Amino acid sequence: MKKTYVLHFDQSNYDQPIVYRLIKDYNLVFNILRAVILPKKESYLAMEISGDLALIEQGLDYLVKQGVKVESINKSVKRNEELCIHCGACTAICPTGALSIERPSMLVSFHPENCTACGLCVTACPPRAMEVSF
């Protein structure tokens, strides 16, 4: 299971090894998408967490008990087939390989199971065929 969250830290917990515990105690894997960590100020960490669903839920309970505000990000990227001209601009910028050019047809294939909804393809797409939905 893979889910995306934004963790909000405050003055009381920004300098604690909280994320380390997600790995060690709950066997979770994470990918940091964006982070703003400021000493003694509110900070946040946007991350994709992968692992067993029950362990993810236990890890999220742990975060809440540590005073971390957890915000679930439920977004996905979709391709509007009617607008797509198969130019391939999105394939050059996709960091996960969710978009690729099929040979020899030269058609762009979208594999949503590999997509992390980073949104890079949305800005790269000339006809705006790629869309982020929340």
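The values are calculated or read from the model by the stated rules, or taken from the named source; none is laboratory data. Computed from a prediction, not measured in an experiment: that's the story for all the values here. Don't worry about glycine lacking a Cβ; one is built from the backbone with ideal geometry, like all the others, and counts go over all protein chains shown.
A few remarks follow.
- Residue check for residue 56: among the hydrophobic types (A, V, I, L, M, F, W, C), under 19 Å from residue 119 (Cβ atoms) and surrounded by 14 or more Cβ atoms within 10 Å (Cβ to Cβ): no
- Of all residues making up region 63-84, the number that are in the same structural domain as residue 129 (by TED's automatic domain parsing) and more than 22 Å from the chain's Cα centre (by Cα): 4
- If you filter region 1-26 down to residues that are of a type in the set (Val, Ile, Thr) and outside any strand (DSSP E or B), you find that the one that is farthest from the chain's Cα centre (by Cα) is 18.
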